[in-house]
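S.K.: Sending over a structure as structure tokens; questions will come in a sec.
What follows draws every value from the coordinates through simple rules; no lab data is involved. Because the structure is a prediction, the values reported are computed rather than measured. Here the Cβ is made from the backbone with ideal geometry for all residues, glycine too, and neighbour counts use every protein chain on show.
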Amino acid sequence: MSLTPDQILSVHKANFETLFGLTSKAFEGVEKLVELNVTASRAALTEAAQHTQAVLSVKDAQELLNLQASLFQPLAEKTASYSRHLYDIASGTSTEIGKTLENQTAEARKNFNALLDNAAKNAPAGTESAVAILKSAVSTANGAFESVQKAVKQASDLAETNFNAAANTATEAVKAGTNPGVKR
């Protein structure tokens, strides 16, 4: 069986649409990242100016030490927040691209299976066992691919859970470490 020029054109058109869709999603992720960095930079600059003003108005060494100590908790919280936002952007973009690729893979498998079924219907007499073996191999490969996809999804979910737990633990540790009511 051969593909007609219209079918080939249709496949190429679909591939270009997918490519442009993926590129658009990637650029959206980059835009979010740039926006996050501009916001974080603006906030850091404002805070640096405020901290400099506070340092310049310090009257003694103890006040300077207290001022410096009070800087660490908000800095750690902001760093953890930035990391969470960064992870959310990367995760969201990755998820969108992954969904698109999964859909494309499912469509390609469906088309391949349809092509295989069509070839099997038009196969010469006596090749039924070879066609059955090929169908079995394709079915096994599809099952293995789906298993790998599930394992990757589970690993990704576990990594996200671990990242969130580590970020929360770090934030709580900083809060506890800089809280004057907590004994060290």
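S.K.: Express in nm, to one decimal, how much length is gained between Phe163 and Leu65 on full extension, taking 0.36 nm for each residue of separation and deducting their alpha carbon distance.
M.R.: Between Phe163 and Leu65, full extension yields 32.0 nm more.
S.K.: Hey, if you put +1 on the Cβ of every Lys and Arg and -1 on every Asp and Glu Cβ in the chain, which of Ile97, Val38, Thr169 ends up farthest toward the positive end of that dipole?
M.R.: Of the candidates, Thr169 comes out farthest on the positive side.
S.K.: Given a cut-off of 26 Å, what percent of all Cα-Cα pairs of the range 20-174 lie beyond it?
M.R.: Across the range 20-174, Cα pairs with separations above 26 Å total 57 percent.
S.K.: How high is the relative contact order of the range 1-122? Use alpha-carbon pairs under 8 Å, at least six apart in sequence, and give a whole percent.
M.R.: 48
S.K.: Report, as a whole number in µm² per second, the diffusion coefficient that Stokes-Einstein gives for the range 42-96 at 20 °C and 1.002 mPa s using the Kirkwood radius over alpha carbon pairs.
M.R.: 162
S.K.: Which ³J(HN,Hα) values in Hz, rounded to whole numbers, follow from the phi angles of the range 148-160 under the Karplus curve 6.51 cos²θ - 1.76 cosθ + 1.60, where θ = phi - 60° and Gly and Pro get x?
M.R.: 5, 4, 5, 5, 5, 4, 5, 5, 5, 5, 5, 4, 5
S.K.: Evaluate E = 1/(1 + (r/R0)^6) for Gln154 and Ala125, where r is the Cβ-Cβ distance and R0 equals 35 Å; express this FRET efficiency to the nearest 0.05.
M.R.: 0.15
S.K.: From the alpha carbon gyration tensor of the range 69-126, can you work out the equivalent ellipsoid semi-axes (sqrt of 5 times each eigenvalue) and give them in Å, largest to smallest?
M.R.: 55, 7, 4
S.K.: Using helices alone, I'd like the mean residue ellipticity at 222 nm for the chain: each DSSP H run of four-plus residues gives -39500 (n - 2.57), total over residue count, nearest 500.
M.R.: Rounded to the nearest 500, it is -33500 deg cm²/dmol.
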